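Reviewing the structure listed below.
The values are calculated or read from the model by the stated rules, or taken from the named source; none is laboratory data. All values reported here derive from a predicted model rather than from experimental measurement. When we count neighbours, we look across all protein chains shown, and the Cβ atoms used for this are built from the backbone with ideal geometry, even at glycine.
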Amino acid sequence: MGAVHLSDGAVTHYIVYRDLKERGYAVRAGRAGLWLYPRGARRGEKPARYFVHIRSEKDLISIADLDRLLRSARNMRKELILAIVDEESDVTYYEVRAAKLEGTRSEKDGKEERELTCTASLADDRVVIHDEASAERLHREFYGKLMGDKHKQLILSLIETAYLMRENNRMVVQTPAGDMSYEQFLDYATDKERDFKDKLVVYTDLRAKGLILKTGFKFGSHFRVYTALQQKHSSYLVHVVHPEHIFAMNELARAVRLAQGVRKRMIFAYVDGDGVKYIDIGRRRL
């Protein structure tokens, strides 16, 4: 009798199926993945709690596919689990869910920044506010980095500046060629950062949710996000991707591992016609 040849998809499905069975779960195979029941339960006693989508380490997956899978699982009232099988046939499980992002900062808290009249100087990829009173007021609202000993100056990022200019048309950015309009500044910043406009949309949306944002560069993401002004450590890392972005599995694994290593949630954001969508991905122990 000749050897039976299985497709790559069949092999990875079997590996995950066997792994879950050995962990004591009731599992039912489906066309698009596995239905996972509570540990110890018999199939049919209780409804399946999870839908498990299976991929190999070498596979790719788009942000759009993750969103589609998430919506499908939610419509079925199931939690989405992404199971990735590596080259050694070990399985790593990730929970995929819609992020619920809310902060404690209210519209009243941002009143000072909207009423502030100040001028700033463009300095390549950042902006400097020289007026000490204005600098200190904005810094209290968690903007920029305060510099100087005797005379305080505030250094803002391009994202912070664009947001403040749009929220407060009394903030003026000066250059040797003259004052910049908001539209001119936006064009300038977009030349500096290709994905600037999408990042600004996400930044604005998260600020509107009462959250505080700072750069996430040290963690390999666009933003680190705080839920309150006095919070010592950020709660989330948010990375903005293009709506057509395609992930390699090691990209997802690296981002999630780093975020959880510093006790944060890893969230990917993208802008589409309906606004901003946020997908929260984290390791899941089963």
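If only one of Lys58, Lys100 is in a loop (DSSP other than H, G, I, E, B), at pLDDT below 90 and in contact with a strand residue (DSSP E or B) (Cβ under 9 Å, 6 or more places away or on another chain), which one is it? Full working, then the answer.
Numbers: Lys58 fails: at pLDDT below 90.
The conditions single out Lys100.
Are there any strands (runs of 3 or more DSSP E) wholly within the stretch 214-286 with 1 or more residues that are in contact (Cβ under 8 Å) with a residue 24 or more places away in the chain and within 12 Å of the chain's Cα centre (by Cα), and if so which? Spell out how you get there, then give the answer.
Details: elements: 223-226, 236-240, 246-248, 265-272, 275-283.
Filter on the stretch 214-286 gives 223-226, 236-240, 265-272, 275-283.
Among the residues of the stretch 231-241, which ones are out of contact with any Asp or Glu (no Cβ under 6 Å at 6 or more places or on another chain) and either among the hydrophobic types (A, V, I, L, M, F, W, C) or modelled with pLDDT under 95 (or both)? Lay out the reasoning, then the answer.
So in the stretch 231-241, the residues out of contact with any Asp or Glu (no Cβ under 6 Å at 6 or more places or on another chain) come out as 231-239, 241.
Correct list: Gln231, Lys232, His233, Ser234, Ser235, Leu237, Val238, Val241.
Looking at Ala73, Ala64, can you tell me which residue is in the same structural domain as Ala269 (by TED's automatic domain parsing) and without any contact (Cβ under 8 Å) to a residue 24 or more places away in the chain?
On the way: Ala64 fails: without any contact (Cβ under 8 Å) to a residue 24 or more places away in the chain.
After ruling out the rest, the residue left standing is Ala73.
Kindly establish whether Asp195 is more than 25 Å from Val91 (Cα to Cα), of a type outside the set (Phe, Trp, Tyr) and surrounded by 14 or more Cβ atoms within 10 Å (Cβ to Cβ). Full working, then the answer.
On the way: more than 25 Å from Val91 (Cα to Cα): yes; of a type outside the set (Phe, Trp, Tyr): yes; surrounded by 14 or more Cβ atoms within 10 Å (Cβ to Cβ): yes.
So Asp195 fits the description; yes.
Within the stretch 127-166, take every residue that is on the phi > 0 side of the Ramachandran plot and within 25 Å of the chain's Cα centre (by Cα) and give me the one that is modelled with the highest pLDDT. Walk me through it before giving the result.
Step one: of the stretch 127-166, the residues on the phi > 0 side of the Ramachandran plot are 142, 144, 148.
Applying the additional criterion that residues be within 25 Å of the chain's Cα centre (by Cα) yields 142, 144.
Working: Phe142: 87, Gly144: 92.
Result: Gly144.
Could you check, for the stretch 170-185, whether at least one of its residues is in contact with a Cys (Cβ under 9 Å, 6 or more places away or on another chain) and over 15 Å from Ser121 (Cβ atoms)? Lay out the reasoning, then the answer.
We begin by selecting, within the stretch 170-185, every residue in contact with a Cys (Cβ under 9 Å, 6 or more places away or on another chain); these are 170-172.
Remaining after also requiring over 15 Å from Ser121 (Cβ atoms): 170.
Scanning the stretch 170-185, I find at least one residue that is in contact with a Cys (Cβ under 9 Å, 6 or more places away or on another chain) and over 15 Å from Ser121 (Cβ atoms), so the answer is yes.
Restricting the search to the stretch 206-239, which residues are within 19 Å of Glu102 (Cβ to Cβ) and among the hydrophobic types (A, V, I, L, M, F, W, C)?
Within the stretch 206-239, Leu206, Ala208, Leu211, Ile212, Leu213, Phe223, Val225, Ala228, Leu229, Leu237, Val238 qualify.
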